[in-house]
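The structure appears right after this line, and notes come after that.
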Amino acid sequence: MAKLELINITKKYITEKKEILAVDNVSLSVEENEFISIVGPSGCGKSTLLRIIAGLEKPTSGKVLLDGKEVKEPSAERGMVFQQYTLMPWRTVLKNVTFGLEIKKIPKEEQIKIAKKFIKMVGLEGFEDAYPYQLSGGMQQRVAIARTLANDPEIVLMDEPFGALDTQTRAILQNELLKIWQKEKKTVLFVTHSVDEAVYLSDRIVVMTARPGKIKKIIPIELKRP
Ligand code: ADP
Ligand code: ADP
């Protein structure tokens, strides 16, 4: 578990034609094991903010702190799940999930043990040797979640992870994500354009304004979870 702090994050994109202020002075403190959703109109800087937290992009100014320490590069403690198309089609489910563990040079038997545990956790036991094209969209996204969790991140960053799924699959995966989150005690930052989804999943909802993306409001949710 880890505490995440964003301090005055600003991001400007400078293109040939213009300057775009994508994120404007965002500060946010996320508690350990908290589930936070970020909502706001399209283009308000949600993905940019998540990529900055992940270390995939540098802020123009401001800092990302993890347990008080500034982080600038991507690392395993901040795992990301994207909307789609992130599995490696030439690798089986098992080999997709072991990918990060191979990079960390974890012994092969251990890799397989860890991967199997998370494949089971996302409900795909028995699909270890399947290839992504053999799976439905929902199942592929389960693999992506398993792959991220297998790296044992302290913070899970999710960018519209269920955005490409139909309503029913989405509801199933929302419930499974909640169960996993309760069991694994991860801190989650979840970007969505669905306010319903944010209310259902989160402890707090961060509402961003249209460009330039600022925090408009932070709403605590006091509903009891299922
Ligand atoms: P959201 O996720 O809320 O839809 P984004 O973070 O994707 O918003 O984008 C925020 C703003 O920054 C948008 O106006 C978008 O066009 C712009 N933007 C995002 N990435 C880039 C980039 N690499 N270069 C230039 N502009 C960008
Ligand atoms: P989507 O709606 O995106 O296609 P789902 O994950 O809901 O994705 O799966 C669709 C179908 O795939 C299910 O109706 C089921 O037949 C099969 N399926 C999904 N998960 C499993 C599983 N864990 N075991 C067996 N079959 C599954």
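Every number here is computed from the coordinates shown, using simple stated rules; none is lab data. The model shown is predicted, which means the values in this text are computed figures rather than measured ones. Cβ atoms come from the backbone with ideal geometry, glycine included; neighbour counts cover every protein chain shown.
Ellipsoid fit via the Cα gyration tensor, the chain: semi-axes of 29, 20, 17 Å, each the root of five times an eigenvalue, largest first.
Under Stokes-Einstein, with the Kirkwood radius over Cα pairs standing in for Rh, what whole-number D in µm²/s applies to the stretch 106-223 at 20 °C and 1.002 mPa s? Let's see the in-between values first.
Details: Rh = 15.7 Å.
Stokes-Einstein gives a translational diffusion coefficient of 136 µm²/s.
Put a dot 7 Å past the Cα of Glu184, heading toward its Cβ, do the same for Trp90, and the two dots end up 2.7 nm apart. Shape analysis of the stretch 4-59 based on the Cα gyration tensor places the equivalent ellipsoid semi-axes at 22, 12, 9 Å, largest first. Give the separation of the Cα centroids, the stretch 3-58 to the stretch 96-122, in Å. Using only Cα atoms, the two centres lie 30 Å from each other. Here the convex hull built on the C-alpha positions of the stretch 182-226 has a volume of 83 cubic angstrom per residue. On full extension, the segment bounded by Glu222 and Asp129 gains 29.3 nm, given 0.36 nm per residue less the C-alpha separation. Mean residue ellipticity at 222 nm, helices only, the chain: -10000 deg cm²/dmol; runs of at least 4 DSSP H residues each add -39,500 (n - 2.57), and the sum is divided by the number of residues.
Using C-alpha pairs below 8 Å separated by at least 6 residues, the relative contact order for the stretch 184-226 is 29 percent. Pairs spanning more than 23 Å between alpha-carbon atoms, out of Lys58/Lys116; Lys105/Lys185; Lys72/Lys214; Lys69/Lys120; Lys46/Lys217: Lys58/Lys116; Lys105/Lys185; Lys69/Lys120.
Between Lys18 and Lys105, the C-beta separation translates, for a Förster distance of 41 Å, into a calculated FRET efficiency of about 0.35. If only the Cβ of Lys and Arg carry +1 and only the Cβ of Asp and Glu carry -1, the dipole of the stretch 148-226 around its Cα centre is close to 360 debye. Only alpha carbons enter this Debye calculation for the stretch 156-202, each as an equal point scatterer, and the log10 of I(q)/I(0) it gives at q = 0.32 Å⁻¹ is -1.46.
Quick check: convex hull over the Cα atoms of the stretch 23-151, volume per residue in Å³, rounded to an integer? Kindly include the intermediate steps, with their values, before the conclusion.
Details: hull volume 17.8 nm³, N = 129.
In the stretch 23-151, the Cα hull volume divided by residue count equals 138 Å³.
Is the stretch 87-160 rounded, prolate or oblate when judged by the Cα gyration tensor, a ≥ b ≥ c being the square roots of its eigenvalues, rounded requiring a/c under 1.5 and prolate requiring a/b larger than b/c? The shape class here is oblate.
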